[in-house]
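Below you'll find the structure, written out as structure tokens, and then a few comments.
The values are calculated or read from the model by the stated rules, or taken from the named source; none is laboratory data. Computed from a predicted model, the values in this text were never measured in an experiment. Methodologically, a virtual Cβ is constructed for each residue, glycine included, from the backbone with ideal geometry; neighbour enumeration extends over all protein chains shown. These accessible areas exclude ligands, DNA and RNA; they are computed on the full protein's heavy atoms, side chains included. Shrake-Rupley method; radii C 1.70, N 1.55, O 1.52, S 1.80 Å.
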Amino acid sequence: MKRVLTIQDISCVGQCSITVALPIISACGVECCILPSAVLSTHTGGFKGFTFRDLTDDFRAIKKHWKDEKISFEAIYTGYLGSKKQIDLVTEFMNEVLNEGGLKIVDPAMADNGKLYTGFDMEYVKEMSKLCNNADIILPNITEAAFLTESECILHNHSKKYIDDLLLKLSKLGAKHIILKGVELEGNKVGVIVYNTENNNKFIYNTDIVGGSSHGTGDCFAAAFTGAVMQGKTLEESASLAADFVVECLNKTIGDKEHWYGVKFEKALPLLVKKLNVND
Ligand code: PXL
């Protein structure tokens, strides 16, 4: 069984980050270990007065213990990080506890709908672009891609030129593979592009646009994608399955106004179990 380390926050309430990564990656049949970047009472996307405890100061001692115990991972998948300083420390984990040939998957989880999340600034974006430089795979949404490349942020009805320009600029950040989410090149469809910067191959997978709150869907996508890749699926297959999973999550949530803060991913887990977690 493959073992993944995910580094992102624990938002105690809010269905994002580690609270979705653990069950989703587990449902894929992959062992998920965690390094919490921070503990928040809720996520920052709509609740007022949330608490925030930064765990950066624990990182080195945790890494030392794992190294003493000879613990290492087949992949490291990073999401929301608690501080700029933490970004350098994450690179240390990638250098020291990732197996030879292990995958570095970076979701630059810092912005959506044209805006940075509360608490982040352009300095943070600069640090995140350094982490992207060191990654095998990055998974930005359109807003994150625009911030990372200092481009105009266009959220809907994209032209082919706009998307091609974004992909070209993203490729200059240095990651080998770019998974760009939220691409709208066809009416009533939203797509994910898998772009191999080494051979210039581009693959797009479109799904129907489902309305309702989309909070946490980026984290659900990244976790399902990581689980699928660990189960030996290609990047194209993994991105397509992750997109289908997010549609299923949204379909299970739509119409429930009480559930504005996240998606009911729990109801969609059987899809991943059926497609990936087969008995062996
Ligand atoms: O889902 C992204 C995310 C993760 N973690 C925290 C957040 C957000 C988005 O707002 O606030 C703490």
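Out of all the residues in the stretch 1-24, which are among the polar types (S, T, N, Q), closer than 21 Å to Thr56 by Cβ and either more than 8 Å from the ligand (Cβ to nearest atom) or open to solvent by 10 Å² or more (accessible area, probe 1.4 Å) (or both)? Reasoning before the result, please.
The initial filter retains those residues of the stretch 1-24 that are among the polar types (S, T, N, Q), namely 6, 8, 11, 15, 17, 19.
Checking which are closer than 21 Å to Thr56 by Cβ leaves us with 6, 8, 11, 17, 19.
Once the filter is applied, which keeps residues that are among the polar types (S, T, N, Q), closer than 21 Å to Thr56 by Cβ and either more than 8 Å from the ligand (Cβ to nearest atom) or open to solvent by 10 Å² or more (accessible area, probe 1.4 Å) (or both), the stretch 1-24 yields Thr6, Thr19.
Checking Asp165, Asp121 one by one, the residue that is at pLDDT 95 or above and closer than 22 Å to Lys84 by Cα is Asp121 and no other.
Annotation: of all residues in the stretch 28-63 being touching a residue at least 40 places away in the same chain (Cβ under 8 Å) and open to solvent by less than 10 Å² (accessible area, probe 1.4 Å), the one that is nearest to Asn95 (Cα to Cα) is Leu35. Only one entry in Glu123, Glu69, Glu100, Glu150 is at positive phi, among the charged types (D, E, K, R) and open to solvent by 70 Å² or more (accessible area, probe 1.4 Å), namely Glu150.
Against the test of being of a type in the set (D, E, K, R) and in contact (Cβ under 8 Å) with a residue 24 or more places away in the chain, the options Lys160, Lys189 yield a single qualifying residue, Lys160. Thr143 satisfies every condition listed in (1) β-branched (Val, Ile, Thr); (2) in contact with a Lys or Arg (Cβ under 9 Å, 6 or more places away or on another chain); (3) open to solvent by 20 Å² or more (accessible area, probe 1.4 Å) except (3).
Within the stretch 172-188, the set of residues being surrounded by fewer than 19 Cβ atoms within 10 Å (Cβ to Cβ) and either under 24 Å from Leu131 (Cβ atoms) or hydrophobic (A, V, I, L, M, F, W, C) (or both) comprises Lys172, Gly174, Lys176, Leu185. One residue stands out in the stretch 234-280 among those that are surrounded by fewer than 17 Cβ atoms within 10 Å (Cβ to Cβ) and among the hydrophobic types (A, V, I, L, M, F, W, C): the one that is nearest to Phe221 (Cα to Cα), namely Val273.
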